[in-house]
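As structure tokens, the structure follows; a few thoughts come after it.
The values are calculated or read from the model by the stated rules, or taken from the named source; none is laboratory data. Keep in mind the model is a prediction, meaning the values are calculated, not measured. Backbone-built Cβ (ideal geometry, glycine too); neighbour counts: all protein chains shown. Side chains included, ligands, DNA and RNA excluded: accessible areas come from the protein's heavy atoms. Shrake-Rupley method; radii C 1.70, N 1.55, O 1.52, S 1.80 Å.
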Amino acid sequence: MNDRVKQVSGTLIIREAKVEDSGKYLCVVNNSVGGESVETVLTVTAPLSASIEPSVQTVDFGRPATMSCNFEGNPVKTLSWLKDGKVLPNKEAMLKIESVRKEDRGMYQCFVRNEQESAQASAELKLGSRFEPPLIKDYFNNETLQPGAYLKLKCVAKGNPIPEITWYLDGKKLIKSDRQQIGQYTSLASDVISHLNISSVQPNDGGLYKCVASSKVGVTEHAERINIYGQPFVRPMEKKAIVAGETLVVTCPYAGYPIDSIIWERDGRALPINRKQKVFPNGTLIIENLERLSDQATYTCVVKNSQGYTSRGTLDVQVMGKLPHILI
């Protein structure tokens, strides 16, 4: 009790109520034969406001970052964080990032809410200029060649640290061989220049070629299809194991040109046979929400040209049970 808080008989008087006066109050009455009590809850409301400290920060790759959501007002029922408009799992006033990566940079928002109103604040996290994610600044284009021609593909990338360029054909990493030469060097301007050269190409050399520039601060890629005149050919496909409930996305790894049609089959039936399946003209098959009983099977890609020549390749799809998760 003080000058602001007084008791007059059975009445409690609180002058100039403050947010900290909120809480449970218990009135207790006693006499010689016993006592009685009753509880009431007082909520002192105040307009909500929020701010984030720091409002702008620049953090080097791999270093920690923290943001604090400072708020005033009462009551506060919920606190939530968003990054670039997407909800984050953190519900605490302090947001911590143990090791900043490329994808962590962006705009962060803190929201505080009650039944009547809400308030929000925003802050920006920048990646330190000491690092620069890879960027492909020069690349190869789509080509159609005759058998026996010389194929020369080039990708030029930059970044800090200096990225490394890797080559792929229909998703499979390419390595140096007698016919296939892969080289990479760094120019005086710190650009990484990589070449893929194939002497005397054959129809089976056709496909989707991709160069991938990667470093510890990011990855970027460029892909184009290279066509070689010849009969259809489908490369062997490795077995895919997918967790139930996820989506299968696979593109038929075919070569040959020109191609009249690319279809996917299961048990001799052309897909799609239900709404979960989608087949695209470029040979991509998508199956959503995989289930073991209905989707675990062998799928066949059939590539055909206008002369009636065909090539087939099979893909075994295994659907695994959902991974266990810990409930907190």
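Here are the numbers for the structure shown:
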| item | result |
| --- | --- |
| Pick from segment 295-306, criterion part of a loop (DSSP other than H, G, I, E, B) and in contact (Cβ under 8 Å) with a residue 40 or more places away in the chain, ranking: surrounded by the most Cβ atoms within 10 Å (Cβ to Cβ) | ASN305 |
| Residue in segment 75-98 that is in contact with a Pro (Cβ under 9 Å, 6 or more places away or on another chain) and at pLDDT below 90 present | no |
| Residue that is nearest to ILE136 (Cα to Cα), among those in segment 225-252 that are assigned to a strand (DSSP E or B) and open to solvent by 40 Å² or more (accessible area, probe 1.4 Å) | ARG225 |
| Test: residue in segment 115-122 that is modelled with pLDDT of 90 or more and within 23 Å of the chain's Cα centre (by Cα) | yes |
| Condition met for PHE140 (of a type in the set (Phe, Trp, Tyr), modelled with pLDDT under 95 and closer than 30 Å to TYR185 by Cα) | no |
| Neighbours by Cβ (under 9 Å, 6+ apart or cross-chain): first from segment 154-177, closer than 12 Å to HIS195 by Cα and open to solvent by 40 Å² or more (accessible area, probe 1.4 Å); second assigned to a loop (DSSP other than H, G, I, E, B) and modelled with pLDDT of 95 or more | LYS154/TYR139; LYS154/PHE140 |
| Residues satisfying the stated conditions in segment 257-276, i.e. charged (D, E, K, R) and either assigned to a loop (DSSP other than H, G, I, E, B) or touching a Phe, Trp or Tyr at 6+ places or on another chain (Cβ under 6 Å) (or both) | ASP260, ARG266, ASP267, ARG275, LYS276 |
| Matching residues in segment 120-148 - criterion: being closer than 25 Å to ILE259 by Cα and open to solvent by 30 Å² or more (accessible area, probe 1.4 Å) | ASN141, ASN142, GLU143, THR144, GLN146, PRO147, GLY148 |
| Criterion: more than 30 Å from CYS211 (Cβ to Cβ) and at pLDDT 95 or above - qualifying residue of THR314, THR310 | THR310 |
| Some residue of segment 265-284 being crowded, with 17+ Cβ neighbours inside 10 Å and polar (S, T, N, Q) | yes |
| Single unsatisfied condition, TYR108 versus (1) under 30 Å from VAL217 (Cβ atoms); (2) open to solvent by 50 Å² or more (accessible area, probe 1.4 Å); (3) outside any loop (DSSP other than H, G, I, E, B); (4) among the hydroxyl-bearing types (Ser, Thr, Tyr) | (2) |
| Segment 253-294 - residue that is out of contact with any Lys or Arg (no Cβ under 9 Å at 6 or more places or on another chain) and touching a residue at least 40 places away in the same chain (Cβ under 8 Å) and, of those, farthest from GLU143 (Cα to Cα) | ARG292 |
| Of all residues making up segment 58-105, the number that are closer than 28 Å to VAL19 by Cα, open to solvent by 90 Å² or more (accessible area, probe 1.4 Å) and in a strand (DSSP E or B) | 1 |
| Neighbours by Cβ (under 7 Å, 6+ apart or cross-chain): first from segment 29-50, more than 22 Å from GLN7 (Cα to Cα); second acidic (Asp, Glu) and open to solvent by less than 90 Å² (accessible area, probe 1.4 Å) | LEU48/GLU117 |
| Tally, over segment 261-272, of residues that are under 11 Å from VAL302 (Cβ atoms) and either at pLDDT 95 or above or among the charged types (D, E, K, R) (or both) | 7 |
| Residue in segment 15-57 that is farthest from PHE71 (Cα to Cα), counting only those that are outside any strand (DSSP E or B) and of a type in the set (D, E, K, R) | ARG15 |
| GLY35 modelled with pLDDT under 95, at negative phi and among the small types (Gly, Ala, Ser) | yes |
| Close pairs from segment 134-147: first closer than 30 Å to GLN231 by Cβ, partner open to solvent by 60 Å² or more (accessible area, probe 1.4 Å) and assigned to a strand (DSSP E or B), Cβ under 9 Å, at least 6 apart | TYR139/LYS154; PHE140/LYS152; PHE140/LYS154; THR144/TYR257; LEU145/TYR257 |
